[in-house]
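A quick write-up on the structure given underneath.
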Amino acid sequence: MSIAERDCVLHSWSVQADWHAPTVVGGQGARLRLVDGREILDMSSLAECSNLGHQHPRLVEAIRSQAERLCFVTNAWGATPRAELAQALLERSGFEGGRVFFTLGGADANEHAVRIARQAAHKPAGAIIARERSYHGATQLAMALSGDSRAHALGIDPRALGVHHVPPPYGYRCPFGGRDEEQCGMRAAAAVADRIDDLGVDNVAAVIMEPDAGTNGIVAPDNYWPALRTHTADRGVWLIADEVMSAFGRCGEWFAWQRHGEAGRPDMMTLAKGLTGAALPLGAVVLSAEVAARLEHEMLHSGLTYCGHPLACAAGVAALQAYAQEGLIERSRTLGAQLLARLEQLKSRHRVIGDVRGGHGLFAVIELVADRESRAPLAPWPQTPPALKALVEAAMAEGVSFAMRGNLIVLAPPLVIAENELADALSLLDRLLARFFPQ
């Protein structure tokens, strides 16, 4: 007798008794196929990771072909796909002369980035500056880095792990007061500089920030990242760009910081999710030549059994080829602009929409409010209002999966989504907003 999954698996970020998700048995493009035969249009790339959609044939073939040659060898031995992927990442990022450290996913990429930064800076107990309302993963240090309500709920003490938080560049609800987004961006960047100065430059190893997309729904004003880069560079502090969600076309560039050109170049960046299109688990820390040189003649006290797994790296090589050869980075930029324009139209029709942001690529956020003038939220963060939960459930019943958190609807469909699919999903959202949030 088989046991239902809900009775035998411990599911993450869930109340076990309330978990009732459908079973997925297949997929194609932006659609998932359920065990009952229904198809669901995926408007979040699952966890903002299936950038290439589902069952992309290039990824499937790469994994099959690599498995026939070599499934696994440890990092102590060389592996062709590992070297190919590292070289491709360094070339795409312009980090020639640097190095790539492969991990299993985004959380441990961020953990290793911090460890590497501390070692390269020769500050083994150096402070790490992150921001409030951020998310860097669910392991212990990653949760400490995260300025996230879930970290508080777990009782994690960031200071005990050398982590200090600063206010976020949240233009719509600026923690510094006022409603000028550009001013908010400058003040948020200056807050990082002030914290470095308060702690003392010699005591700070790195700053880690998300350049664009994040699960907490903050999209920084355009002036924020270049100003942050200037402040950290002036003080000789490493800047780590957490690109786990924002890379590989999600924000309209290979890596979100590239929208700012050389003025936005970090010292290190962390990757996962779209790195393999989520076909296999893989993360990476990409180091600049300067950071890598600091480690060249030192023992690196880091490593996991499956670091740089050949199967995962083969999927990564195929994913980068797919992004390039199918023009998906540019496509995301074009469709992202269309998505943002359509959301602005929805905002003009529905007063429950207080703000729409993003749109540099296929990533956008809708923030719902109880009152547009005062910007009063529908529910205290991070609680989700019942009407929004009902809207998402109704959308699922009509074959579309939307992601939500708190008062936010997060739109991040696969970069391969058809234009008519995107349009149909937004039309459904229009109808459901009118139904669940009448004027």
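The values are calculated or read from the model by the stated rules, or taken from the named source; none is laboratory data. Just so it is clear, the structure is predicted and the values come from calculations on it, not from any experiment. We place every Cβ from the backbone using ideal geometry, glycine too, and count neighbours over all the protein chains shown. Side chains included, ligands, DNA and RNA excluded: accessible areas come from the protein's heavy atoms. Shrake-Rupley method; radii C 1.70, N 1.55, O 1.52, S 1.80 Å.
Using alpha-carbon pairs under 8 Å, 6+ residues apart, how would you state the relative contact order of the stretch 140-210 in percent?
Answer for the stretch 140-210 is 19 percent.
With an 8 Å cut-off on Cα pairs and a minimum separation of 6 or more residues, tell me the relative contact order of the chain in percent.
It rounds to 21 percent for the chain.
State the answer as a single residue: which of Gly354, Phe72, Ala263 lies farthest towards the positive end of the charge dipole of the chain, with beta carbon charges of +1 for Lys and Arg and -1 for Asp and Glu, about the Cα centre.
Gly354
How much length is gained if the chain between Gln87 and Arg38 is pulled fully straight, taking 0.36 nm per residue apart and subtracting their Cα-Cα distance, in nm to one decimal?
Contour length minus Cα-Cα distance gives 13.5 nm.
GNM, the chain, Cα, under 10 Å: largest mean-square fluctuation among Val285, Val416, Val15?
Val15
Using only helices, what value at 222 nm comes out for the chain when you add -39,500 (n - 2.57) per DSSP H run of length 4 or more and divide by the total residues, to the nearest 500 deg cm²/dmol?
Taken over the chain, the calculation gives -11500 deg cm²/dmol.
Enumerate the aspartates and glutamates that Lys389 could reach by cross-link, defined here as Cα to Cα under 16 Å, with residues fewer than 8 away along the same chain left out.
Cross-link targets: Asp18, Glu367, Glu398, Asp430.
Over the stretch 64-150, average the accessible area per residue using a 1.4 Å probe and give it in Å², no decimals.
It amounts to 42 Å² per residue over the stretch 64-150.
Sort by residue number and name the cysteines in the chain that have no neighbouring cysteine Cβ under 4.7 Å.
Cysteines of the chain left without a disulfide-compatible partner: Cys8, Cys49, Cys71, Cys251, Cys307, Cys313.
What's the carbon and sulfur percent of the stretch 1-147's accessible surface, probe 1.4 angstrom, rounded to a whole number? Working shown, then result.
Working: 4090 of 7450 Å².
Summing carbon and sulfur atoms, their accessible area is 55 percent of the total for the stretch 1-147.
What do the square roots of 5 times the Cα gyration tensor eigenvalues come to for the stretch 78-236, in whole Å, largest first, as semi-axes of the equivalent ellipsoid?
26, 19, 17
Tell me, in nm to one decimal, what length is gained between Glu393 and Thr80 on full extension, where the rule is 0.36 nm per residue of separation less the Cα-Cα distance?
Working it through step by step, the gained length comes to 108.1 nm.
Between Ala387, Ala107, Ala314, where does the largest GNM mean-square fluctuation fall for the chain, given springs only between Cα atoms within less than 10 Å?
Looking only at Ala387, Ala107, Ala314, the biggest GNM fluctuation is shown by Ala387.
Please state the relative contact order of the stretch 155-296 as a whole percent: Cα pairs under 8 Å, 6+ residues apart? If you can, show how the numbers build up before the last one.
On the way: 222 pairs, mean separation 24.9, N = 142.
Relative contact order for the stretch 155-296 comes out at 18 percent.
Taking the chain as a Gaussian network, where each spring joins two C-alpha atoms under 10 Å apart, which residue of Glu330, Glu68, Glu419 fluctuates the most?
Glu68
Across 5 Å bins from 0, what is the distribution of all Cα-Cα pair distances for the stretch 181-241, in whole percents?
In whole percents, the pair-distance histogram is 4, 19, 29, 25, 14, 7, 1.
Classify the stretch 1-156 from the C-alpha gyration tensor, please: rounded if a/c falls under 1.5, else prolate or oblate depending on whether a/b exceeds b/c.
The shape class here is oblate.
Which value, in debye to the nearest 20, describes the size of the charge dipole of the chain about its Cα centre when Lys and Arg Cβ atoms bear +1, Asp and Glu Cβ atoms bear -1, and nothing else is charged?
Using only the charged Cβ atoms, the result is roughly 380 debye.
Alpha carbon centre of the stretch 36-93 versus the stretch 365-428: separation in Å?
29 Å
Compute the accessible area per residue over the stretch 187-274, keeping the other protein chains in place, probe 1.4 Å, unit Å².
Result: 25 Å² per residue.
Determine the shape class of the chain: with a ≥ b ≥ c the square roots of the Cα gyration tensor eigenvalues, call it rounded for a/c under 1.5, and otherwise prolate if a/b is greater than b/c, oblate otherwise.
oblate
Which semi-axis lengths, in whole Å and largest first, follow from the square roots of five times the eigenvalues of the Cα gyration tensor of the stretch 280-426?
Working: eigenvalues 282, 87, 53 Å².
Each semi-axis is √(5λ); the values are 38, 21, 16 Å.
For a label point 7 Å from the Cα of Glu61 along Cα→C-beta, name the residues of the stretch 323-341 whose backbone N is under 20 Å from it.
Within reach of a label on Glu61, which here means backbone N under 20 Å from a point 7 Å along Cα→Cβ, the stretch 323-341 contributes 323-329.
About the Cα centre, and with charges only on the beta carbon of Lys, Arg (+1) and Asp, Glu (-1), how big is the dipole of the stretch 67-184? Nearest 20 debye, please. Write down the numbers at each step before the final one.
On the way: 13 positive and 12 negative charges, 57 e Å.
Roughly 280 debye for the stretch 67-184.
Can you give the FRET efficiency for Ala160 and Gln183, using 1/(1 + (r/R0)^6), R0 = 35 Å, r = Cβ-Cβ distance, to the nearest 0.05? Walk me through the numbers on the way to the answer.
Values: r = 34 Å, r/R0 = 0.97.
Computed FRET efficiency for Ala160 and Gln183 comes out at 0.55.
Nothing charged except the Cβ atoms of Lys and Arg (+1) and of Asp and Glu (-1): what's the magnitude of the dipole of the stretch 186-274 about its Cα centre? Round to the nearest 20 debye.
Result for the stretch 186-274 is approximately 220 debye, rounded to the nearest 20.
Does anything in the stretch 401-419 have its amide N under 17 Å from the 7 Å Cα→Cβ label point of Arg431, and if so which residues?
401-402
If you roll a 1.4 Å probe over the stretch 298-341 with all protein chains in place, what percent of the accessible area is carbon or sulfur? Intermediate results must be reported in sequence, preceding the final value.
On the way: 1060 of 1840 Å².
Roughly 58 percent, rounded to a whole number.
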